[in-house]
Structure formats: structure tokens, C-alpha cells
Amino acid sequence: MSKLLTIGSMAFDAIETPFGKIEKTMGGAANYIGISASLFDIEQAVVSVIGDDYPSEYLKVLTDREIDISYIEIVNGGKTFFWSGKYHNDMNTRDTLTTQLNVLEHFSPKIPEYFTDAPYIMLGNLHPQIQLDVLAQLPTRPKLVVLDTMGFWMNHTWDTLLKIIAQVDVITINDEEARQLSNECSLVKAAQKIMQMGVTYVVIKKGEHGALLFHEKDIFFAPALPLEDVFDPTGAGDTFAGGFLGYLAKTDDISFNNMKNAIIYGSTLASFCVEQFGTERMLSLTKDEVLKRLLQFKELTQFEIKIA
């Protein structure tokens, strides 16, 4: 059984969308990634930090999915990372209302010795120096390292960000972040410039407009499944990453052709995530539901072209 190690945030989220509002729910990249990847029956560990205000039932969500949480640091008297945001009517834009780093501000992850040989590593959206410190703890080069980042680090930690990008295999960012990172308007040119920074694969997420995968001169595009209702997009990108990496770890095949399948799996799982607040929909998701939606993707994207 292949191993996946995820380093990322665990959080409380407060979310407001045109369809409702929730004051506190389970959030953070590590939770979304771990829950999503758990659908692939792989060996997982999550490394993160929380305060002692974090409910035990949230941790049980991970252990029930056989995710190792023994290296989640619990800070006595500390407060868990908190984020709140409000989405606009088109659901593609949001306002961040509050970001409280709390215990995440001084997070120094320690990698479990029995996971230092994990072939698949997910570096969630954290300070680039933390991501570098994680790789420095690994005695050998993993088979595949995936990096997530955002515009904040591009603005404030540029040099350090470039160092970590040069040491990973895959970067997953949204279209706005790709343009910011590359200073290119065209996503094709943006991906080419990002690959010149040292990364091998570039995944550009476009929300309701699908996802793009770039490798050398090859490009693959996967549409997003059209949904009647998008309730809450929070965590969709991390859910995508968990599905993407979970599939690759399960199949243990990192070829470009297999990454196409991984993109479809990631997109499929993300389409479930947006149907309810936070992680709620992912917690009730079954493998049969995933299979049915995968077949919907197949019907959406495959057809015979008739040449006139």
C-alpha cells in the first residue's frame, strides 16, 4: 500500500455564501486533502498544528478514515487557526474577512520517522520556508512532491517561494495565481514560465471552468462538471488536490497519461465538496456516488467527431 504524507493547516472556518452562513466549521487544507485522499485506500499521515480548543470529534473524522494523526501538534492554551470569508453571487470571488494564524504562526512540522519514506508528499498552502524545512527532513527524494501556494507568498516571500518551487514536481495553483507567479496573461505562457522555475508539472485550477495540466509541450484540459447548485466553494481546491494525489498514490503511476486520470478524479471529488458547507458533503460521500459521477464526466467529455 502506497503512502501519502500531507503537511497543511487545520482550522476553524466561518463561511457566508448567498445560500447561507455558518459560524464555525471544520476547515484547513490538511483536512480537505486527507478526507478526499482517504477514498483511495492508501496509507496516510497528516502533519499539522492545532490548539487545545480543537474538538476531538474533528480528529475522529481523520482516524475513522485510518489517517495517522500522531504528529498533529496540540498546543496547550493555544487557539486553532481561524479563517472567515464571504462569497459573492458568482461564487468565483470572495472577501477574506478574518485570518487569525494563532498556533499556525509558529508551526514547525516534525515528520514521522515511519513516513520519511513516503513516496507521495503534499505540501499544503503554508509559508515556503516551512515547506522547505519539510523536504529537508526527508532522507531520500520522494517519488512525487506536490506544492500548493498562493498570492500572499508571492507578494511577501518571493525568493523563498522560488527555492521550494525548484524542488518539487507538481505545483497546483488557480488561474489568478498562475498569472501573478509568471507575470503572463496567457495561461499557456504562464505554465511554460513556471516550468522554467524548475517544476515538472503545472496544474492550473479554474474553478467552475475546469483544470489544466501542463508538462513540457503537452497540455490536458478537464472541464468541471456543470452543477445545478454550488453551495460553498471553500476547500474545493484542496479536495481536488487530495483526489489528484490519492489517485496517483493508489495507482503508483506518475506518467502524464495517468495524471490525466488523476485530474478527472480530483475534479470529480471537488464537485461534491461544493454541494454543502465545509467538509460536510465529503464526510457522507460514498465510493458508489463517486463512480456514478465519474461516468457523468465520461459522458460529458467523450464523443465521436464526424469529419465532413
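The values are calculated or read from the model by the stated rules, or taken from the named source; none is laboratory data. On a predicted model such as this, the values are computed, not experimentally measured, just so you know. Cβ sites come from the backbone with ideal geometry, for glycine too, and all protein chains shown count toward neighbours. Surface areas here come from the heavy atoms of the whole protein model, side chains and all, with no ligands, DNA or RNA. Shrake-Rupley method; radii C 1.70, N 1.55, O 1.52, S 1.80 Å.
Looking for something under 17 Å from the mean Cα position of the chain (by Cα) and of a type in the set (Phe, Trp, Tyr) - is there at least one such residue anywhere in region 147-155? Give the derivation first.
Initial filter on region 147-155 (under 17 Å from the mean Cα position of the chain (by Cα)): 147-153.
From what is left, the residues that are of a type in the set (Phe, Trp, Tyr) are 152-153.
Yes: region 147-155 contains one or more residues that are under 17 Å from the mean Cα position of the chain (by Cα) and of a type in the set (Phe, Trp, Tyr).
Here are some conditions: (1) surrounded by fewer than 23 Cβ atoms within 10 Å (Cβ to Cβ); (2) farther than 22 Å from ASP41 by Cβ; (3) among the small types (Gly, Ala, Ser). SER255 meets all but one. Which one does it not meet?
(2)
Which numbered condition in (1) open to solvent by 30 Å² or more (accessible area, probe 1.4 Å); (2) touching a residue at least 24 places away in the same chain (Cβ under 8 Å) is the only one that LEU295 fails?
It fails just one condition, (2).
Which of the residues spanning region 16-25 are farther than 14 Å from ASN89 by Cα and either among the β-branched types (Val, Ile, Thr) or buried (at least 24 other Cβ atoms within 10 Å of the Cβ) (or both)?
Of everything in region 16-25, those that are farther than 14 Å from ASN89 by Cα and either among the β-branched types (Val, Ile, Thr) or buried (at least 24 other Cβ atoms within 10 Å of the Cβ) (or both) turn out to be ILE22, THR25.
Looking at region 181-204, which of its residues are in a loop (DSSP other than H, G, I, E, B) and touching a strand residue (DSSP E or B) at 6+ places or on another chain (Cβ under 7 Å)?
Filtering region 181-204 for residues in a loop (DSSP other than H, G, I, E, B) gives 183-186, 197-200.
Correct list: VAL199, THR200.
Going through region 49-69 one residue at a time, which ones are outside any strand (DSSP E or B) and either touching a His at 6+ places or on another chain (Cβ under 8 Å) or touching a residue at least 12 places away in the same chain (Cβ under 8 Å) (or both)?
Applying the first criterion (outside any strand (DSSP E or B)) to region 49-69 yields 52-66, 69.
Listed by number, the residues that qualify are ASP52, ASP53, TYR54, TYR58, LEU59, VAL61, LEU62, ARG65, GLU66, ILE69.
Taking region 85-122 as the search range and keeping residues that are hydroxyl-bearing (Ser, Thr, Tyr) and within 27 Å of LEU245 (Cα to Cα), which one is most open to solvent (accessible area, probe 1.4 Å)?
My answer is TYR114.
Here is a list of conditions, (1) over 20 Å from VAL290 (Cα atoms); (2) buried (at least 22 other Cβ atoms within 10 Å of the Cβ); (3) within 13 Å of the chain's Cα centre (by Cα), and ALA241 meets all of them except one; can you say which number that is?
Among (1) over 20 Å from VAL290 (Cα atoms); (2) buried (at least 22 other Cβ atoms within 10 Å of the Cβ); (3) within 13 Å of the chain's Cα centre (by Cα), ALA241 violates only (1).
Across region 34-48, what is the number of residues that are outside any helix (DSSP H, G or I) and of a type outside the set (A, V, I, L, M)?
The first filter runs over region 34-48 and keeps only residues outside any helix (DSSP H, G or I), leaving 41-48.
Going one step further and asking which of them are of a type outside the set (A, V, I, L, M), we end up with 41, 43-44, 48.
Total satisfying the criteria: 4.
What pairs come up if the first residue lies in region 246-265 and is closer than 18 Å to LYS3 by Cα, the second is open to solvent by less than 30 Å² (accessible area, probe 1.4 Å) and among the charged types (D, E, K, R), and their beta carbons are under 9 Å apart, counting only those six or more places apart or on different chains?
That search, which allows pairs on different chains as well, returns ILE254/ASP169.
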